[in-house]
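Reading through the structure tokens given below for one structure.
The values are calculated or read from the model by the stated rules, or taken from the named source; none is laboratory data. Note that the structure is a prediction, hence the values are computed from the model and not measured. Virtual Cβ from ideal backbone geometry, glycine too; neighbours counted across all protein chains shown. Surface areas here come from the heavy atoms of the whole protein model, side chains and all, with no ligands, DNA or RNA. Shrake-Rupley method; radii C 1.70, N 1.55, O 1.52, S 1.80 Å.
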Amino acid sequence: MLALLHTSPVHVPVFDALRDRHHPHLRLRHFVDEELLHRARRESPDAVTDEVRAVLDRAVAEGARAVLCTCSTIGGVAETVGAGAKVPVLRVDRPMAAAAVAAGPRVVAVATVESTLAPTVALIEDEARRAGRPVTVRPLLVGSAWARFQAGDTEGYVREVAGAADAIGSADADVIVLAQASMAPAQHLTTTPVPTLSSPRPGLAAAARATETTQTTQTALPPETSVATGISGPAELGRADGIPG
């Protein structure tokens, strides 16, 4: 079983759909805690270290063979805390960062939440060091889009992100990174000639491989099995297979 740590319930159906399409035999268990992001934005990502550790411990206790953090703001915290876990703990955006470094030295990191920018830039620079490649990362904040996301206007949110990406040309960058998992649909709306990357699909693929690697003898569960667990409160998720509204 792969456990996923989300800071928004909107990610549950996204990763369920990716699992159904690309990893049909992978069992997912979703842990959702919106307060983690709220506090990380108010204070700092490190402020939620203990809470993240508690989620990881719970996931492992409930049988997770790997844990995937889908929030870019606290992904580095999850990786650091997870270094001492009994199972692999991955951040969803690391495979995307590695692909960005391979694409070229000029990277534009687009985010709609300011707290995501520093962790994303640091991640890309870390992947560049690992690969021995030079890289220059230019952060781009599309802060006005976040209000749309919070208001439930996901279509407007994605369009505004795509518009910001379309303003970036090949003279400006070799690759564009959509820093947050919630921005992924914009990847398919952009018209810029610059390659545009998002994190959910490659992140889930890496986590699926990690789960398989650490898998021990376990009874196979039906492909459609998916469990959603609210952490901060029982009303966080309406259904395991989708979000009302």
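Each label point is 7 Å from the Cα along the Cα-to-Cβ direction; what then is the distance between the points at His188 and Glu125, in nm?
Computed distance between label sites His188 and Glu125 equals 3.5 nm.
Taking the Cα atoms only, what angle lies between the long axis of helix 154-166 and the longest principal axis of the chain, rounded to 10 degrees?
40 degrees
For the chain, take the longest principal axis of its alpha carbons; what is the angle in degrees between that and the long axis of helix 49-61, to the nearest 10 within 0 to 90?
Helix 49-61 sits roughly 50 degrees off the main axis of the chain.
What's the extension gain from Ser144 to Ala47 if we count 0.36 nm per residue and subtract their Cα-Cα distance?
Between Ser144 and Ala47, full extension yields 32.4 nm more.
Would you kindly calculate the translational diffusion coefficient of the stretch 131-171, applying Stokes-Einstein with the Kirkwood radius from alpha carbon pairs, for 4 °C and a viscosity of 1.567 mPa s, and quote it in µm² s⁻¹ without decimals?
108 µm²/s
Which order do the peptides 104-117, 59-72, 157-170 take when ranked by the mean count of other beta-carbon atoms within 10 Å per residue, highest first?
In decreasing order of mean packing, 104-117, 59-72, 157-170 become 59-72, 104-117, 157-170.
If a/c stays under 1.5 just call it rounded; otherwise compare a/b with b/c (prolate if a/b is bigger, oblate if not). Do that for the stretch 29-109, with a ≥ b ≥ c from the square roots of the Cα gyration tensor eigenvalues.
oblate
Relative contact order, percent, of the stretch 2-155 when contacts are C-alpha pairs under 8 Å separated by at least 6 residues?
19 percent
Can you give me the % of accessible surface on the stretch 25-87 that is carbon or sulfur? Probe 1.4 Å, all protein chains present, nothing else counted.
Reported share for carbon and sulfur atoms: 46 percent.
Angle, helix 11-22 long axis vs. longest principal axis of the chain, Cα atoms, 0 to 90°, nearest 10?
90 degrees
Grab the DSSP H runs of the chain that are 4 residues or longer, score each as -39,500 (n - 2.57), total them, divide by all residues and round the 222 nm result to the nearest 500 deg cm²/dmol.
-13500 deg cm²/dmol
Determine the dipole magnitude for the chain: charges of +1 sit on the beta-carbon of Lys and Arg, -1 on that of Asp and Glu, nothing else is charged, the reference point is the Cα centre, and the result goes in debye to the nearest 20.
For this selection, approximately 540 debye.
Using a probe of 1.4 angstrom, how much of the accessible area of the stretch 152-199 is carbon and sulfur, in percent?
52 percent
Quote the FRET efficiency, to the nearest 0.05, computed for Asp153 versus Glu35 with a Förster distance R0 of 22 Å and r equal to the Cβ-Cβ distance.
For R0 = 22 Å, the calculated efficiency reads 0.50.
Leaving out ligands and nucleic acids, note down the accessible area per residue over the chain with a 1.4 angstrom probe, in whole Å².
45 Å²
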